[in-house]
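The next block holds one structure in the form of C-alpha cells; read it before the comments.
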Amino acid sequence: MLVGMATEKMQLLGVERAKYFAPTAICGYLAGLCIALSVTSIFLQGMRDALAVTAAALFGLTLSGGLGLVFWRAQERDLIFLRVATVAEAADNFEAVLRVGAGQGWETLIAEPARRLDFQTPGTRFGAGERVSVSFRGRDVLVASICDPGVGFSLVGRRRCAEHREVVVRAVRP
C-alpha cells in the first residue's frame, strides 16, 4: 500500500479561505507597516533618529515577513491531500471512513457516497476542532486535515490534524 502526497488540494472558498489565511495576512499587514515606518524615517530631523527607526522597521519587516512566510507555507502544505492506495473499491473505503469518523465523534459536514466526506472534529475547552476532508478516486483515498478555518493556525491543532490523517489511513488499510 502506497502513501504519498497528491497534487490536489483541499478547497476552501470565500470567507473560510480568508479566515484560514488570516494569520498570514496579519503578518503581511505588519510587514507593510514596517515598510511605511522605514519610508517615513526619511523625514525625521536627526540622522541618529532616522537610523534607529529604520533599523527597528527592518527588524520588524524581517520578523513579520518571515513569520508570515512560515505560516503560509505550513498552511498551504496542510491543504495538500495525502494519497493512500488501497485494495478496496471507493464505496467500501467510503463506508470504512464514515464508520471511523462516527466512532471518533466527528460531525459529518458533507457526505457524497463513494466520492467525498468532510468532517469537523469536536473542539476542546481551549481550542476549536479541525476539518478532515476525504476524497475517493477509484481505489485511492485522498485525505487532508487542517485547523479549523476560523482559527487559521495552531501548533496543537496541526499535531491533531496529523493524528486525524493517520486515523483515516488506518481505516482504509487492509
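Where a number appears in this text, it was derived from the coordinates with a stated rule and is not lab data. Since we're looking at a predicted model, the values are computed, not measured. With ideal geometry, Cβ positions are generated from the backbone for all residues, glycine too; neighbour counts draw on all protein chains shown.
Between Ala36 and Leu109, what is 0.36 nm times their sequence separation minus the Cα-Cα distance? Round to one decimal in nm.
Going from the current span to full extension adds 21.9 nm.
Quick check: the distance between the Cα centres of the range 112-167 and the range 1-62, to the nearest angstrom?
Between the Cα centres of the range 112-167 and the range 1-62 lies a distance of 27 Å.
Taking the simple approach of a point 7 Å from Cα along Cα-to-Cβ for both Glu8 and Arg116, what is their distance in nm?
0.9
Name the helices (complete DSSP H segments) of the chain with a Cα length along the long axis of 15 Å or more and a Kyte-Doolittle mean of at least 1.6, or state none.
Flagged H segments are 22-40.
Please state the relative contact order of the chain as a whole percent: Cα pairs under 8 Å, 6+ residues apart?
The normalised contact order for the chain reaches 25 percent.
The list (1) 73, 33, 25; (2) 52, 34, 29; (3) 51, 41, 37 gives values of Cα extents along the principal axes in Å, and only one came from this structure; which label was calculated from it?
(1)
Calculate, for Ala91 and Arg159, the FRET efficiency according to 1/(1 + (r/R0)^6) with r their C-beta to C-beta distance and R0 41 Å; round to the nearest 0.05.
0.80
Label point 7 Å out from Thr62 along Cα-to-Cβ: which residues of the range 12-38 have amide N under 12 Å?
None, by backbone N distance to the label point.
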